[in-house]
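For reference, the structure is listed below as structure tokens.
The values are calculated or read from the model by the stated rules, or taken from the named source; none is laboratory data. Not measured: the values here are computed from a predicted model. Methodologically, a virtual Cβ is constructed for each residue, glycine included, from the backbone with ideal geometry; neighbour enumeration extends over all protein chains shown. Side chains included, ligands, DNA and RNA excluded: accessible areas come from the protein's heavy atoms. Shrake-Rupley method; radii C 1.70, N 1.55, O 1.52, S 1.80 Å.
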Amino acid sequence: MKLTVNGRPAEVDVPGGTSLVEVLREHLHLRGTKIGCGTGRCGACTVRLGDRTVASCLLPVALAEGEEITTVEGLAAPDGPPHPVQAAMIACHGVQCGACTPGMVVTLATYLDAEPAPDADGVRHALTGNLCRCTGYHTIVDAAMTAAQEGHP
Ligand code: FES
Ligand code: FES
């Protein structure tokens, strides 16, 4: 399989039915993407495919060929500051155990690209596929609003 991950070409020798999250974590060593449920219900494994988000535990890697795959590691420049959503998650205490955080960040960054001036209800709606058992969501919504107000690129 020939892939493009975080702007770089990557090649992996796996069956096409291998889940994208397994390829990312076990073959490309991009462990930022988490596995929670493994069945498409928690959002921990969310990555960006082009300009949309997908549950990478459900996606056969063959369907990601030819697409621009972006993981949480690829949202910010390697030597630059964190992505505004990452910075806001820290500032607003949107992270507790962190298991949901990479998926939350990818979802919010993608959402704010499409909706740079959201309201809180819109953010909550955008997060319906991302579960968090720790925070109660308020701080995560605050982080999204903060990132938006501070000029999400
Ligand atoms: S691990 Fe993919 S949705 Fe839960
Ligand atoms: S911070 Fe623990 S699941 Fe969200």
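Points worth noting:
- Single match in 31, 41, 48 (criterion: within 15 Å of ligand 1 (Cβ to nearest atom), touching a helix residue (DSSP H, G or I) at 6+ places or on another chain (Cβ under 8 Å) and either among the aromatic types (Phe, Trp, Tyr) or assigned to a loop (DSSP other than H, G, I, E, B) (or both)): 31
- If you go through the stretch 18-28 and keep only what is open to solvent by less than 10 Å² (accessible area, probe 1.4 Å), of a type in the set (Val, Ile, Thr) and in contact with a helix residue (DSSP H, G or I) (Cβ under 8 Å, 6 or more places away or on another chain), you end up with just 23.
- Looking only at the stretch 1-17, residues that are polar (S, T, N, Q) and either part of a strand (DSSP E or B) or loosely packed, with under 15 Cβ neighbours inside 10 Å (or both) come to 1 in all.
- Scanning the stretch 14-60 for residues that are touching a strand residue (DSSP E or B) at 6+ places or on another chain (Cβ under 8 Å) and polar (S, T, N, Q) yields 18, 19, 33, 46, 53, 56.
- Candidates are the residues of the stretch 96-134 that are crowded, with 21+ Cβ neighbours inside 10 Å and not in a helix (DSSP H, G or I); the one that is farthest from ligand 2 (Cβ to nearest atom) is 118.
- Residue 85 vs. criteria away from ligand 2 (no atom under 14 Å from the Cβ), more than 22 Å from residue 40 (Cβ to Cβ), crowded, with 17+ Cβ neighbours inside 10 Å and not small (Gly, Ala, Ser): yes
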